[in-house]
Amino acid sequence: MIGIGNDHAAVELKLAICEHLKERGIEFKDYGIGEGEKIDYPDAAEMVCRDVVSGKLEKAILLCGTGIGISIAANKIKGIRACACSDAFSAKYTRLHNDANALCLGGRVVGPGLACELVDIFLDTEFEGGRHQRRVDKITALENKE
Ligand code: RB5
């Protein structure tokens, strides 16, 4: 199950991504807000990321105006590896090398077509493991030192 969260700067993008996930038959839970509602991006990040960390969700898709604020907030939660992306290479390699579990996109940065491609790449790419596992373990060790 994929969780999707958004603030008020990314409602349209959220709707486009939900539509795309439905078309692909991918199960998702929409934690986000709709048109006319407001939420601060750290709150949107927290709701979804808590469920990733607890194992209820496999991955998160997080949306704000830039994708950056919500990625900074998400990365404060132990166990979350969130990446703000606007290009295919980053979406692919953050899965291959970082085992990212949250993809963050900006509703004011990427259009719906590119966003859906980035979502597909992110969801369809497996972590490579090997030497990258050691590095991801070091990220976890850094979290545990805090
Ligand atoms: C909200 O206006 C905006 O600041 C937020 O969506 C995001 O872009 C922050 O990084």
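The values are calculated or read from the model by the stated rules, or taken from the named source; none is laboratory data. Computed from a predicted model, the values in this text were never measured in an experiment. A quick note on method: Cβ atoms are made from the backbone with ideal geometry, for glycine too, and the neighbour counts reach across all protein chains shown. Note: areas computed on protein heavy atoms with side chains; ligands, DNA, RNA excluded. Shrake-Rupley method; radii C 1.70, N 1.55, O 1.52, S 1.80 Å.
Just a few scattered comments:
- Expressed per residue, the C-alpha convex hull volume of segment 84-146 stands at 75 Å³.
- Segment 13-89 - percent of accessible surface contributed by carbon and sulfur, probe 1.4 Å: 52 percent
- A Förster radius of 35 Å, combined with the Cβ-Cβ distance separating residue 38 from residue 114, puts the computed FRET efficiency at roughly 0.85.
- Surface exposure of the chain, expressed per residue as accessible area with a 1.4 Å probe, stands at 51 Å².
- Over all other residues within a Cβ to Cβ distance under 10 Å of residue 20, the charged ones net out to -2, with Lys and Arg as +1 and Asp and Glu as -1.
- Given 59/138; 14/145; 38/145; 38/138; 92/138, the pairs whose alpha carbons are separated by over 31 Å: 14/145; 38/145; 38/138
- Among 4-13, 132-141, 23-32, the order from most to least packed when residues are scored by Cβ within 10 Å on average: 4-13, 23-32, 132-141
- If only the Cβ of Lys and Arg carry +1 and only the Cβ of Asp and Glu carry -1, the dipole of the chain around its Cα centre is close to 600 debye.
- Reciprocal mean inverse distance between Cα atoms of segment 23-146 - Kirkwood radius, Å: 14.8 Å
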